[in-house]
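Notes to accompany the following structure.
Each value in this text was obtained by applying a stated rule to the coordinates, not by laboratory testing. In this text, all values refer to a predicted model and were calculated from it rather than measured experimentally. We place every Cβ from the backbone using ideal geometry, glycine too, and count neighbours over all the protein chains shown.
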Amino acid sequence: MDITINVEDYILNIRAAAVIMHNGKILVHRNINSNHYALPGGRIEIGENSENTIKREILEEMGKQVELIGYISTIENFFEMNGKKYHEIEFVHKAEFTEKEDKLLQETIKNIEGKDFLQYEWLELDKIEQYPLMPKVIKEILKNKVFPVHKINDDRE
């Protein structure tokens, strides 16, 4: 069971995400029905740590094995989406694919769970400011390259 809790008029999510980079690009996921990108990963399940969450989510969603090679950030993220308020705690790790052929990937990766609305794309890291990547503070974290770092992102209206 995912750690998602309804508290008053907020939804509390505990999430883990991966920064996977190669060839000057970063892997992100996007719901084709939305107008923004996010780091691949997902909600932590009760009793699961953030590292195992990333490994599980990437295997479930892309069929790829990853290893974690560093810790990047903890982000306290506040936002509204579809009329709901969210308070999200996100643990961001640096990861890389374990298979040699996966380390060469450059094309869009399709979701293998049957979620056709999700896809994984490579964005140019040196143009990261041009993309609608959420939470917005992740752009600053990647640009500054100082890890680990704790950040607060507040996009509530």
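Numbers for the structure displayed
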| item | result |
| --- | --- |
| The stretch 26-120: GluC sites (Glu not before Pro) in DSSP loop, at most 12 other beta carbons within 10 Å | 99, 101, 107, 113 |
| Residue-averaged [θ]222 nm for the chain, counting only DSSP H segments that reach four residues, each worth -39500 (n - 2.57) | -4000 deg cm²/dmol |
| Helix 50-62 vs. the chain, principal-axis angle (Cα, 0 to 90°, nearest 10) | 60 |
| Cβ-based exposure ranking for 117, 79, in which fewest neighbours within 10 Å come first | 117, 79 |
| Out-of-range pairs (alpha-carbon distance over 24 Å; input 64/151; 64/85; 94/139; 100/136; 25/145; 55/110) | 64/151; 64/85; 100/136 |
| The stretch 4-152 - share of DSSP beta bridges that are antiparallel (%, nearest 5) | 65 |
| Trypsin sites (Lys or Arg not before Pro) lying in DSSP loop within the stretch 77-120, provided at most 13 other Cβ fall within 10 Å | 100, 115 |
| Most mobile listed residue (42, 83, 70) in the chain, GNM with C-alpha springs under 10 Å | 83 |
| Global geometry of the stretch 4-152, whether rounded, prolate or oblate, following the gyration tensor of its Cα atoms and the 1.5 cut on a/c | rounded |
| Estimated dipole of the chain in Debye, rounded to 20 [Cβ of Lys and Arg +1, of Asp and Glu -1, Cα centre] | 360 |
| Taking 91, 78 and counting other C-beta atoms within 10 Å, the order from fewest to most | 78, 91 |
